[in-house]
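Trainee: Dumping the structure here so I can ask a few things about it.
The values are calculated or read from the model by the stated rules, or taken from the named source; none is laboratory data. Since the structure is predicted, the reported quantities are computational estimates derived from the model, not experimental observations. A quick note on method: Cβ atoms are made from the backbone with ideal geometry, for glycine too, and the neighbour counts reach across all protein chains shown.
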Amino acid sequence: MSTQIQADAAALKAEVRGQLWKDNLRDYGLLGSLLLIVLFFYFITADHASVAPVNITNLIMQNSYVVIMALGMLLIIVGGNIDLSVGSIVGFVGAIGGSLIVYAKLPYPLVIVICLLTGTVIGAAQGYLVAYAKMPSFIVTLGGMLIFRGLTGNMLLGQFVGPFPKGFQNIASGFIPDFTDIGAVADALPEWAQIHWVSLLLGVGGALVMFVSSIRRWRRSKADGMEVEPLPLLIGKNAVFAAIIVGIAWNLALYKGLPVILVIIAALALLYGFITTRTVIGRRIYALGGNVLAARLSGVKTERLIFFTFANMGLLAALAGMVVAARLNSATPSAGNSFELDVIAACFIGGVSASGGVGKVMNVIIGALFMGVMNNGMSLIGLGIFWQQVVKGLVLLAAVYVDVYQKRKG
């Protein structure tokens with residue numbers, strides 16, 4: 001009897017371990033897809049232009065708004081809702097900020113605060129209608145998309161408003177200072193050493209911290225008796241992430257160094273990663289999207305959570321609006337057009353479930369990078385804008401199909 005019990009226990013342990021491998025490989029399959037598309041464009045672009053230092057820097061700057069808003073959209077979709085107004089909020093906030101800087105002559109730090117508050121109020125107003133007036137989020141934010149796009153057009157009247165002070169532009173196009181930027185220092189260094197060492201060291205240090213902290217977290221979880229992913233898979237995944245971080249840091253160091261916007265994105269990623277995995281409000285948002293009735297019966301204030309996710313989305317859309325305006329050095333009537341589609345697509349490609357309750361910050365960032373690399377690569381090879389839309393639509397459908405298939409199979 002004892003032999004049979006031991007055999008059954010061993011079989012159950014092997015089954016659980018096999019399921020862990022399967023689940024984690026499914027999660028990290030997205031990372032493999034990103035690497036494949038990077039390699040694809042590496043080989044088909046002339047002179048490997050897709051991985052040139054200047055192109056990687058431009059790729060980060062051009063797609064920063066997608067990453068910023070995808071972090072907010074993650075919470076919206078995980079909570080079981082959608083926000084179609086984010087692109088219009090980007091344009092509206094950019095128009096307000098540009099007008100305050102150029103016409104009202106307000107200092108740009110004060111304008112940044114006003115714009116962030118404006119975006120938060122807009123998101124909160126939409127959140128109130130969804131959470132407390134019980135209106136469908138699709139309808140509320142569709143109305144918001146039309147309203148704020150129209151207000152932007154009426155405010156700017158087809159005109160570009162700019163230019164902006166250098167300090168404001170640095171939000172999107174500035175770089176972290178480096179000692180090699182000093183002419184005397186650069187002249188004293190040999191040619192091979194004239195790179196941006198601060199950027200490279202920060203990248204290597206960040207990769208090392210990520211690797212070590214991940215291993216320590218795995219050990220704590222295993223000591224507490226929790227189910228953990230297999231150690232070889234954990235090491236392999238983190239080794240790939242570390243290689244990507246160091247590779248990006250090396251290429252940035254060869255050009256102008258570490259962009260300011262990348263530092264902002266990294267800080268936001270750490271913050272939202274902490275919120276979604278280590279805080280009560282994060283766990284409750286996932287519970288809300290998983291089963292709103294069960295969450296409500298468990299004592300969760302679901303209306304308050306919905307209100308928070310939309311206010312947070314408005315805040316991040318306002319930040320993205322200032323980033324776009326700073327990069328263009330002007331507020332434009334067309335700013336933010338179709339941004340909501342790229343942001344939502346980044347979330348779904350990153351594995352966020354269309355039915356809510358499932359999604360990870362790191363996967364969403366990978367999804368945003370996937371979209372950025374795909375857009376950039378298609379532009380480099382000269383693919384027409386309309387065919388680019390076709391390809392993005394097919395990729396989005398494939399990502400949602402995989403999610404639905406996995407749920408049905410489960």
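Trainee: Is at least one residue of the range 311-332 among the hydrophobic types (A, V, I, L, M, F, W, C) and over 30 Å from Leu110 (Cα atoms)? Full working, then the answer.
Mentor: Keep residues of the range 311-332 that are among the hydrophobic types (A, V, I, L, M, F, W, C), which gives 311, 313, 315-320, 322-326, 328, 331.
Subset that is over 30 Å from Leu110 (Cα atoms): none.
No, because not a single residue in the range 311-332 is among the hydrophobic types (A, V, I, L, M, F, W, C) and over 30 Å from Leu110 (Cα atoms).
Trainee: Right, next: Considering only the range 290-353, give the helices (runs of 4 or more DSSP H) lying wholly within it that have at least 2 residues that are of a type in the set (D, E, K, R) and more than 23 Å from the chain's Cα centre (by Cα).
Mentor: On the way: elements: 292-297, 302-328, 339-349.
Fully inside the range 290-353 and qualifying: 302-328.
Trainee: Scan the range 217-262 for residues that are within 26 Å of Val66 (Cα to Cα) and either in a helix (DSSP H, G or I) or not small (Gly, Ala, Ser) (or both) and report the count.
Mentor: 25
Trainee: Consider only pairs whose beta carbons are under 7 Å apart and that are at least six residues apart or on different chains; among these, list those whose first residue lies in the range 83-101 and is in the same structural domain as Leu319 (by TED's automatic domain parsing) and whose second residue is surrounded by fewer than 24 Cβ atoms within 10 Å (Cβ to Cβ) and among the basic types (Lys, Arg).
Mentor: Ser88/Arg149; Gly91/Arg149
Trainee: For the range 156-179, how many residues meet the condition of being part of a helix (DSSP H, G or I) and in contact with a Gly (Cβ under 9 Å, 6 or more places away or on another chain)? If you could, list the steps in order and put the result at the bottom.
Mentor: Initial filter on the range 156-179 (part of a helix (DSSP H, G or I)): 156, 166-173, 179.
Those still in the list that are in contact with a Gly (Cβ under 9 Å, 6 or more places away or on another chain) too: 156, 166-168.
Of the residues in the range 156-179, 4 are part of a helix (DSSP H, G or I) and in contact with a Gly (Cβ under 9 Å, 6 or more places away or on another chain).
Trainee: Continuing with this model, one more query. Among Leu106, Leu117, which is the only one that is surrounded by fewer than 24 Cβ atoms within 10 Å (Cβ to Cβ) and modelled with pLDDT under 95? Talk me through it step by step, then tell me what you get.
Mentor: Numbers: Leu117 fails: modelled with pLDDT under 95.
Answer to the check: Leu106.
Trainee: Inside the range 263-289, can you point out the residues that are among the charged types (D, E, K, R) and either outside any helix (DSSP H, G or I) or surrounded by 16 or more Cβ atoms within 10 Å (Cβ to Cβ) (or both)?
Mentor: First, pick out the residues of the range 263-289 that are among the charged types (D, E, K, R): 278, 283-284.
Across the range 263-289, the qualifying residue is only Arg284.
Trainee: For the range 290-337, enumerate the residues that are surrounded by fewer than 19 Cβ atoms within 10 Å (Cβ to Cβ), modelled with pLDDT of 90 or more and either farther than 30 Å from Phe164 by Cβ or among the β-branched types (Val, Ile, Thr) (or both).
Mentor: Of everything in the range 290-337, those that are surrounded by fewer than 19 Cβ atoms within 10 Å (Cβ to Cβ), modelled with pLDDT of 90 or more and either farther than 30 Å from Phe164 by Cβ or among the β-branched types (Val, Ile, Thr) (or both) turn out to be Glu303, Arg304.
Trainee: Out of the residues in the range 219-235 that are surrounded by 12 or more Cβ atoms within 10 Å (Cβ to Cβ) and within 23 Å of Leu31 (Cα to Cα), state the one that is modelled with the highest pLDDT.
Mentor: Per the criteria, the residue is Ile235.
Trainee: Within 21 Å of the chain's Cα centre (by Cα), surrounded by 19 or more Cβ atoms within 10 Å (Cβ to Cβ), closer than 20 Å to Met313 by Cβ and among the small types (Gly, Ala, Ser): does that describe Ala399?
Mentor: Numbers: within 21 Å of the chain's Cα centre (by Cα): yes; surrounded by 19 or more Cβ atoms within 10 Å (Cβ to Cβ): yes; closer than 20 Å to Met313 by Cβ: no; among the small types (Gly, Ala, Ser): yes.
Considered against the rule, which asks whether it is within 21 Å of the chain's Cα centre (by Cα), surrounded by 19 or more Cβ atoms within 10 Å (Cβ to Cβ), closer than 20 Å to Met313 by Cβ and among the small types (Gly, Ala, Ser), Ala399 comes out as no.
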